[in-house]
1. How would you rank Ile196, Ile250, going from fewest to most other Cβ atoms within 10 Å of each one's own Cβ?
2. Could you give the distance between the Cα centres of the range 46-102 and the range 126-157, to the whole Å?
3. With viscosity set to 1.306 mPa s at 10 °C, what whole-number translational diffusion coefficient in µm²/s follows for the range 213-274 from Stokes-Einstein and a Kirkwood radius over Cα pairs?
4. Place a +1 charge on the Cβ of each Lys and Arg in the range 208-265 and a -1 charge on the Cβ of each Asp and Glu, then give the dipole magnitude about the Cα centre in debye, rounded to the nearest 20.
5. What's the angle, to the nearest 10 degrees (0 to 90), between helix 244-254's Cα axis and the longest principal axis of the chain?
6. Taking other Cβ within 10 Å of each residue's Cβ, how do Val157, Val171 sort, fewest first?
7. Can you give me the orientation-averaged projected area of the convex hull built on the Cα atoms of the range 26-88, in nm²?
8. Considering only His264, Ala286, Gly305, whose Cα is most displaced toward the positive end of the charge dipole of the range 250-307, charges sitting on Cβ of Lys, Arg (+1) and Asp, Glu (-1)?
Amino acid sequence: MVIRFWGVRGSIPVPGRATNRYGGNTSCVEVRPKGEPPIIIDAGTGIRKLGKLLLEESFGDGRGKASILISHTHWDHVQGLPFFSPLYRAGNEVHVFARERDVHLEAVFSQQHDAPYFPVPLSAMHATMQFHGVSEGASFDIGRAKVTSARLNHPSVAIAYRVDADGASVVYCSDTAPFSDMILAHEFVERPPSGILPLALLEELAEMRAGVVALAKNADLLIYDTQFTPEEYKKQPHWGHSRPDDAIEIAMAAGAKRLCLYHHAPMRSDDANDAILAGTRAAAQAAGARFEVMSAYEGLEVTVGDA
């Protein structure tokens, strides 16, 4: 199974000299089990370049099939979908998986295609599109791959995904706050002045954390949200993002084999990302971690299990 990174930034795309090495596109990761169609996780602006490359395969002839797992529908995770070239080729088949919502799932995605936001409505796509609602904790198969999900601590709720194939596993855990300070969903409940959350909320956070640890258990690669430094988190704890130390803690609890820092802050320069990577490696070593620590950048390719 090969994992390729096409977009690694959070919030907004940030092209420029300061982001050339890590890349400026928003979230998109391709998971390619051996001999199987691509499983794409999130459709940020990075999916555009992936789509162009897929046209050189069977998608160019209208014979391609792809699955897209959406962690949540915040703009930086879906804004590239209208520019995904395989959608404009008749005969291609694209399955979109996202969390079940109170409104029809297809309507959620069609909104950014409608006027005045975009000139081509979703209904005019030439490819066959099917939308699948995913409940938190659900498991399902895509070809030979098994996909499992878990809830994350993020505004409007986000989902983490695990893909098992070829004797290996990759876990995508983007857009989550730590499981200690507050509950984030359609509203957020933060720690009161007393410093102690109600017992029911503490139990909910503990259950959410346990779900993520179980999802990442013995994962060959854990891709984890590390958008904030500790100082940044203190200023915006309700934005729903984690710090490198949070990623280390989850990776150690889960027994992950490799940890990949992800969803880099848009204002973070390549040099600053280098410094965060070095600091995280040192912190992991000091904590007794045995896993490798890497940082996601556009073009990074990781092979796990049979390729």
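What follows is calculated from the coordinates using simple rules that are stated; it is not laboratory data. Keep in mind it's a predicted model, so treat the numbers as computed, not measured. Using ideal geometry, Cβ is built from the backbone for each residue, glycine included, and neighbour counts are taken over all protein chains shown.
1. Listed from fewest to most nearby Cβ atoms, that is Ile196, Ile250.
2. Cα centres, the range 46-102 to the range 126-157: 14 Å.
3. The calculation lands on 130 µm²/s.
4. 120 debye
5. 80 degrees
6. Final ranking by Cβ density, sparse to dense: Val157, Val171.
7. 3.8 nm²
8. With unit charges placed on the Cβ atoms, the residue in question is Ala286.
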